[in-house]
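Everything below concerns the one structure shown next.
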């Protein structure tokens, strides 16, 4: 039998040692009505047939250059990222409970925590969360715990799917959520009431626009609330970090750092906070310490916040997070360094700006996003964006994601440093045809 | 025996040299102030390491050598199902990495078909009527499942009175934590002398105030709840929903189904049972299957099959909403799909049976070497042992590291003192189990004879026991923190 | 194991010292020993009104976290801020520098419900 080492002789000998004669005997104590239910599954395949089948399935998808965003974009990934992340020691380890045999993963997490703290300009980061949306939900729950309040205000500039996930989590604990509509492509100034525990803003926001939320952070703090910022980690190579803009909590989607598009996952979410909020963080944290002989080592710390100890009083129920995706980001950031990351960020933003100018030349296309923006922007199209997206796909491009919440015929676009001038021109030509026809 | 470890590895930041460059990445000439406005620019760059690519590769390769995984050693971590995952699954997942979740549905039909078919397989294997693949991990699936139950009670106007979730005292900590996140009060139900749920005690707790019961079956002692049918019947009679924590499904896949036992909701840990490596702590995936009466409450989007092809459905009035962005951890779903296609039903059943055979065989070997098994019933894929009187579980675990084995889960479940929770999985050979038992025997013998020795273990690992008090009193969570 | 005669005790191993209508609260020598090395203490806010039996603080050791219950009702008038940097004081001096918080008594009669040193010693013996 595949992927198990037992010979018939092994099985017989082991059964004999247990006083049994057949494998079925291992289930003899289960209620008989439950045993061996009829289950229809396809016949097994060998490896080669499996890959053939999967290639056929993959062939039913249509490849193309990706000009789509929503916080997940087609960025450059150094080859060394795959090499490291597929090392069996990293890939096939569990959560590093046994520190002495897990220094590799633990140190890598410590390095990751450092990098996220550096990027966000905040004091501490945890070891990762599932994705940007659940990171936002955890960040807001953290703010509610810290302020002992149950009301949240979120800007419409926050990713619609993140807002949806946030609503699910808040509904669960009985907290309430208000939305502030965008004024054009920016979050307007608004008064923060005394019962608000968290104010949530995203920059660059879902329309790509860079938001300056320093004044909003001040208003939040004056009301005793915390400011939670949703940020694009790549943009932080060049843009002012949330820690400097007054955010208490920064969260985001980590995909742009070394993780492929992957049809939306697995990626990872990140969260960073000010020192005062450290003990409110959900999930794993790794601390540097020493062993009995004074050697430096790393260990999971502050576990008493976590579900396996605190049970119903834990900060979150999270256990498995997204370590291998976070490891990819760690290696990615190390391989690019500050200069390389800055080059990629600027390259993506410059490509997006160039594409914006090109697409605006099409008749009937109007900007919904105004500069400055980072790697994504929204346009109003002269026809149904879903149709435009379909026509673009036929020409070998993926772009024009319909975002009806932001206006009739509104569509989202993105570019990255991977697109050459020729790529941008080719996409623009296909776009002209799609919106013109 | 023992491992071969590299020496101390400095932090990547300590290898940084100003002006050193790594991978050559694409770039474009651009003026940041013109692009973003000077006021939006970061004044000082983030202090990321400046290292060359070989240094990066060597650094992380050497870190990996200070790490054990299933690829390097036997890893019998109870409740975690650390089995070998066929490597072809990694290759399978790579076939789909170029897709963007916002592509036109017509361009991702293969991916949607895979999701739909996987959903059908998992429904068949669990005996459920509908499924969501969106949750990103087991605990995320738990939250999703409990919110579905919550929405069901709310819809029926019963949420105000149904405020309690019952969990056995042997449950995973995530169960009570999840219930609390969903706003429920948690009450523990005791286990009986055999280690199964105390059915009479449970029945006394049942009533109109109870929303759900969360159970793992086989439970965390490795025991199948033999009275499960009476249990679920009594719960349903009181209007209580039954939640199945799928962490231990590996023991019974194909042999028995939660749906047939009377469960209304089940989450699966695809990264345990369905062959995705754990990655040092994820990513995983935690699909949630439900019976038909709960289907309207599942999160959106769901994949639907229509005559015109596969599509994503988002407009469902009673849905709990979204629990994750996009479509969940699709890459993990590909591996689960591929694993099921590779194994077929017969292969899955055989894998389950061999996981039980291995665990039972190992249990007998350990009993012969002085280890105690307090709930020694017909255990399945895992069992909970205690060291011989006078030894501590933690010390045995640390001594195992010097023997070249990853230790079992320790101090869980909470109802067994000095617990060693052992799950060998089906992919380990008889020789490995024999060698592990020999090592456990040596440790017990020497540990009893030489208490100082075992308290000092491990001796051969890259670091010895770490100062956790220091790490927790004054945590240093990043380079330069508190220095 | 020290059980000072002049203090009152709660079954959950908190002690109370009453001075001028204010109750100083800490955990007992026995409790700190059971917890092991204390790594963090989460204290209530000054000004918070607490009722007897309410969980108002949390003491964390490496492997566990324990709720601390208010032995008496009243307003929290002070907390031991030194514990933020030196949680080990709870282990080193549980009846002195390791005190947790001070409550202005709302109802002095509640003290009668607490154990005296003899009764607390008997409780410890019973718990083995």
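Quick look at the values:
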| read-out | value |
| --- | --- |
| Percentage of interatomic Cα-Cα distances in region B:1-99 larger than 16 Å | 76 |
| 10 Å-binned pair-distance histogram of region B:378-483 (Cα, whole percent) | 13, 38, 31, 13, 4, 0 |
| For B:326-335, mean number of other protein chain Cβ atoms within 10 Å | 6 |
| Calculated on alpha-carbon atoms, Rg and Dmax of chain A in Å | 25.0, 82 |
| Percent RCO, i.e. relative contact order, over chain C, from Cα pairs under 8 Å lying at least 6 residues apart | 31 |
| Label-to-label distance, nm, for residues given as residue B:47 and residue A:60 (7 Å Cα→Cβ offset) | 5.3 |
| Taking the C-alpha atoms of region B:289-443, convex hull volume expressed per residue in Å³ | 192 |
| Space enclosed by the convex hull of the alpha-carbon atoms of region A:110-221, per residue, Å³ | 111 |
| For region B:371-437: span of alpha carbons on each principal axis (Å, largest first) | 30, 30, 16 |
| Over region A:284-422 - Rg/Rh using Cα atoms and the Kirkwood inverse-distance radius | 1.19 |
| Centroid-to-centroid separation of region B:35-96 and region B:303-332 [C-alpha atoms, Å] | 30 |
| Test item: A:342-348 mean partner chain Cβ contacts at 10 Å | 6 |
| Per-selection Rg to Rh, chain B - Cα, Kirkwood hydrodynamic radius | 1.00 |
| Other protein chain Cβ atoms within 10 Å, averaged over every residue that makes up A:20-28 | 5 |
| Relative contact order (percent, whole number), chain B, Cα cutoff 8 Å, 6+ residue spacing | 20 |
| Residue B:442 versus residue A:383: modelled label distance in nm, points set 7 Å from Cα along the beta carbon direction | 7.5 |
| Rel. contact order, % - alpha carbon contacts under 8 angstrom, at least six apart, region A:230-341 | 25 |
| For q = 0.06, 0.07, 0.09 Å⁻¹, Debye-computed log10 I/I(0) when each Cα of the protein assembly as shown counts as one equal scatterer | -0.44, -0.61, -1.04 |
| Modelled FRET efficiency - R0 51 Å, residue A:408 with residue C:97, Cβ distances, 0.05 increments | 0.15 |
| Largest to smallest principal axis extent of the C-alpha atoms in region B:37-179, angstrom | 62, 53, 37 |
| Longest to shortest principal axis, alpha-carbon extents of region A:79-330, angstrom | 55, 40, 30 |
| Share, in percent, of DSSP beta bridges within chain A that are antiparallel, nearest 5 | 55 |
| Residue-averaged 222 nm ellipticity for chain A, from DSSP H runs of 4+ at -39500 (n - 2.57), nearest 500 | -11500 deg cm²/dmol |
| Segments A:178-186, A:335-343 sorted - mean Cβ within 10 Å per residue, highest first | A:335-343, A:178-186 |
| Mean Cβ neighbour count within 10 Å, used as a protection proxy, ranking B:255-264, B:14-23 highest first | B:255-264, B:14-23 |
| Region A:100-258: antiparallel DSSP beta bridges as a percent of all, rounded to 5 | 5 |
| For region B:448-477 and region B:227-278, distance of Cα centres in Å | 38 |
| Beta bridge orientation in region B:88-342: antiparallel %, DSSP, nearest 5 | 40 |
| Estimated D of region B:286-341 in µm² per second, where Rh is the Kirkwood radius over Cα pairs and Stokes-Einstein applies at 25 °C, 0.890 mPa s | 192 |
| Dimensionless Rg over Rh [region C:8-107; C-alpha; Kirkwood] | 0.93 |
| Most to least packed among B:36-49, B:86-99, A:84-97 [average Cβ atoms within 10 Å] | A:84-97, B:86-99, B:36-49 |
| Three-way shape call for region A:214-353 based on the alpha-carbon gyration tensor, with the a/c threshold at 1.5 | oblate |
| Cut-off 14 Å, label 7 Å out along Cα→Cβ of residue C:77, residues of region C:104-119 by amide N | C:104-108 |
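Laboratory data are not the source of any read-out in this text; all were calculated from the coordinates shown. None of these values were measured; they are calculated from a predicted model. Here the Cβ is made from the backbone with ideal geometry for all residues, glycine too, and neighbour counts use every protein chain on show.
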